[in-house]
Amino acid sequence: MDVDNFRRLFRYDHWANEEVLRSLKAAKDTPTRSLGLLAHVVGAEYIWHSRLRQEPSPLTVWSQLTVADSEHHILALKSLWESYLNSLGRDDLAASVSYKNTQGEAFTSGVSDILMHVVMHSAYHRGQIAADMRANGHTPAYTDFIHAVRQHKVD
(Lines give C-alpha, C1' and ligand atoms only; values in the text may rest on other atoms or scores of the structure.)
Protein backbone atom coordinates (compact mmCIF):
# COMPACT_ATOMS: atom_id res chain seq x y z
CA MET A 1 0.00 0.00 0.00
CA ASP A 2 1.32 3.44 -0.85
CA VAL A 3 0.75 6.88 0.65
CA ASP A 4 -2.02 7.68 -1.84
CA ASN A 5 -3.97 4.64 -0.61
CA PHE A 6 -3.59 5.85 2.96
CA ARG A 7 -4.71 9.34 1.97
CA ARG A 8 -7.86 7.77 0.53
CA LEU A 9 -8.47 5.70 3.66
CA PHE A 10 -8.06 8.75 5.88
CA ARG A 11 -10.47 10.74 3.71
CA TYR A 12 -12.94 7.90 4.29
CA ASP A 13 -12.17 7.90 8.01
CA HIS A 14 -12.85 11.62 8.29
CA TRP A 15 -16.07 11.38 6.27
CA ALA A 16 -17.27 8.46 8.43
CA ASN A 17 -16.47 10.29 11.67
CA GLU A 18 -18.43 13.29 10.41
CA GLU A 19 -21.37 11.03 9.52
CA VAL A 20 -21.38 9.62 13.06
CA LEU A 21 -21.22 13.13 14.44
CA ARG A 22 -24.19 14.10 12.27
CA SER A 23 -26.21 11.14 13.58
CA LEU A 24 -25.38 12.07 17.18
CA LYS A 25 -26.50 15.64 16.55
CA ALA A 26 -29.77 14.37 15.07
CA ALA A 27 -30.52 12.35 18.19
CA LYS A 28 -32.39 14.53 20.66
CA ASP A 29 -31.01 12.49 23.55
CA THR A 30 -27.49 11.50 22.53
CA PRO A 31 -26.69 8.06 23.94
CA THR A 32 -23.90 8.42 26.48
CA ARG A 33 -22.09 5.28 25.32
CA SER A 34 -22.17 6.41 21.68
CA LEU A 35 -20.70 9.79 22.56
CA GLY A 36 -18.05 8.11 24.72
CA LEU A 37 -17.08 5.78 21.89
CA LEU A 38 -16.75 8.68 19.45
CA ALA A 39 -14.57 10.48 22.01
CA HIS A 40 -12.48 7.30 22.20
CA VAL A 41 -12.07 7.26 18.41
CA VAL A 42 -10.95 10.89 18.52
CA GLY A 43 -8.60 10.36 21.46
CA ALA A 44 -7.06 7.25 19.93
CA GLU A 45 -6.47 9.01 16.61
CA TYR A 46 -4.66 11.81 18.42
CA ILE A 47 -2.58 9.32 20.38
CA TRP A 48 -1.50 7.43 17.26
CA HIS A 49 -0.75 10.66 15.41
CA SER A 50 1.30 11.82 18.39
CA ARG A 51 3.21 8.54 18.50
CA LEU A 52 4.06 8.87 14.82
CA ARG A 53 5.24 12.44 15.39
CA GLN A 54 6.95 11.53 18.69
CA GLU A 55 4.98 14.29 20.45
CA PRO A 56 2.65 14.32 23.46
CA SER A 57 -1.02 13.76 22.70
CA PRO A 58 -3.50 16.55 23.43
CA LEU A 59 -6.14 13.99 24.51
CA THR A 60 -6.23 10.73 26.42
CA VAL A 61 -7.55 7.49 25.02
CA TRP A 62 -10.86 7.86 26.92
CA SER A 63 -11.31 11.64 27.04
CA GLN A 64 -14.70 13.01 28.03
CA LEU A 65 -15.94 15.10 25.10
CA THR A 66 -19.19 16.81 24.24
CA VAL A 67 -20.66 16.63 20.76
CA ALA A 68 -19.24 20.12 20.10
CA ASP A 69 -15.81 19.08 21.41
CA SER A 70 -15.89 16.01 19.16
CA GLU A 71 -16.78 18.13 16.16
CA HIS A 72 -13.87 20.47 16.85
CA HIS A 73 -11.41 17.61 17.23
CA ILE A 74 -12.64 15.69 14.18
CA LEU A 75 -11.97 18.77 12.07
CA ALA A 76 -8.55 19.27 13.67
CA LEU A 77 -7.63 15.63 13.08
CA LYS A 78 -8.48 15.96 9.39
CA SER A 79 -5.80 18.64 9.05
CA LEU A 80 -3.29 16.75 11.21
CA TRP A 81 -3.63 13.53 9.21
CA GLU A 82 -3.51 15.35 5.86
CA SER A 83 -0.37 17.18 6.92
CA TYR A 84 1.24 14.00 8.23
CA LEU A 85 0.43 11.94 5.15
CA ASN A 86 1.62 14.73 2.86
CA SER A 87 4.93 14.85 4.73
CA LEU A 88 5.72 11.19 4.10
CA GLY A 89 8.46 10.37 1.66
CA ARG A 90 8.76 7.32 -0.53
CA ASP A 91 10.35 5.08 2.12
CA ASP A 92 8.63 6.43 5.24
CA LEU A 93 5.84 3.84 5.25
CA ALA A 94 8.47 1.13 5.75
CA ALA A 95 9.96 2.91 8.78
CA SER A 96 9.29 1.87 12.36
CA VAL A 97 8.25 3.96 15.34
CA SER A 98 8.97 3.18 18.98
CA TYR A 99 6.42 4.28 21.58
CA LYS A 100 4.82 3.34 24.87
CA ASN A 101 1.20 2.30 25.09
CA THR A 102 -1.20 3.74 27.67
CA GLN A 103 0.00 1.15 30.20
CA GLY A 104 3.61 2.22 29.72
CA GLU A 105 4.67 -0.87 27.76
CA ALA A 106 7.26 -0.25 25.03
CA PHE A 107 6.54 -1.28 21.44
CA THR A 108 7.92 -0.70 17.98
CA SER A 109 5.53 -0.78 15.02
CA GLY A 110 5.73 -0.05 11.32
CA VAL A 111 4.31 3.27 10.13
CA SER A 112 2.07 1.53 7.58
CA ASP A 113 0.76 -0.85 10.26
CA ILE A 114 -0.04 2.07 12.56
CA LEU A 115 -1.87 3.92 9.81
CA MET A 116 -3.92 0.83 8.93
CA HIS A 117 -4.67 0.27 12.61
CA VAL A 118 -6.00 3.83 13.02
CA VAL A 119 -8.51 3.40 10.20
CA MET A 120 -9.57 -0.10 11.26
CA HIS A 121 -9.80 0.83 14.95
CA SER A 122 -12.05 3.77 14.15
CA ALA A 123 -14.26 1.64 11.88
CA TYR A 124 -14.62 -0.97 14.63
CA HIS A 125 -15.82 1.57 17.14
CA ARG A 126 -18.11 3.28 14.64
CA GLY A 127 -19.80 -0.12 14.34
CA GLN A 128 -20.26 -0.17 18.11
CA ILE A 129 -21.72 3.33 17.94
CA ALA A 130 -24.17 2.21 15.24
CA ALA A 131 -25.33 -0.71 17.38
CA ASP A 132 -25.72 1.51 20.44
CA MET A 133 -27.61 4.17 18.50
CA ARG A 134 -29.98 1.53 17.10
CA ALA A 135 -30.46 -0.01 20.56
CA ASN A 136 -31.46 3.42 21.86
CA GLY A 137 -34.05 3.98 19.14
CA HIS A 138 -31.95 6.21 16.87
CA THR A 139 -30.93 5.86 13.25
CA PRO A 140 -27.19 5.27 13.09
CA ALA A 141 -24.91 6.71 10.46
CA TYR A 142 -24.29 4.53 7.41
CA THR A 143 -20.49 4.58 7.31
CA ASP A 144 -19.56 1.60 5.16
CA PHE A 145 -16.56 2.30 2.96
CA ILE A 146 -18.36 1.21 -0.20
CA HIS A 147 -21.20 3.62 0.62
CA ALA A 148 -18.69 6.47 0.79
CA VAL A 149 -17.27 5.43 -2.58
CA ARG A 150 -20.74 5.16 -4.16
CA GLN A 151 -21.62 8.60 -2.83
CA HIS A 152 -18.36 10.03 -4.26
CA LYS A 153 -17.23 11.02 -0.76
CA VAL A 154 -13.93 9.21 -1.27
CA ASP A 155 -12.11 9.66 -4.56
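The values are calculated or read from the model by the stated rules, or taken from the named source; none is laboratory data. Just so we're clear, the structure is a prediction, and the values are computed from it rather than from any experiment. Every residue, glycine as well, gets a Cβ built from its backbone with ideal geometry; the counts of neighbours run over all protein chains shown.
Summary table below
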{"read-out": "Within the range 49-106, tally of residues that are at pLDDT below 95 and hydroxyl-bearing (Ser, Thr, Tyr)", "value": "1"}
{"read-out": "All positions within the range 76-124 that are of a type in the set (S, T, N, Q) and either farther than 16 Å from Asn5 by Cα or surrounded by 16 or more Cβ atoms within 10 Å (Cβ to Cβ) (or both)", "value": "Ser79, Ser96, Ser98, Asn101, Thr102, Gln103, Thr108, Ser109, Ser112, Ser122"}
{"read-out": "Scan of the range 126-147 for residues that are surrounded by 19 or more Cβ atoms within 10 Å (Cβ to Cβ) and within 30 Å of Ser96 (Cβ to Cβ), ordered by number", "value": "Arg126"}
{"read-out": "Filter result for Ser109 (assigned to a helix (DSSP H, G or I) and among the polar types (S, T, N, Q))", "value": "no"}
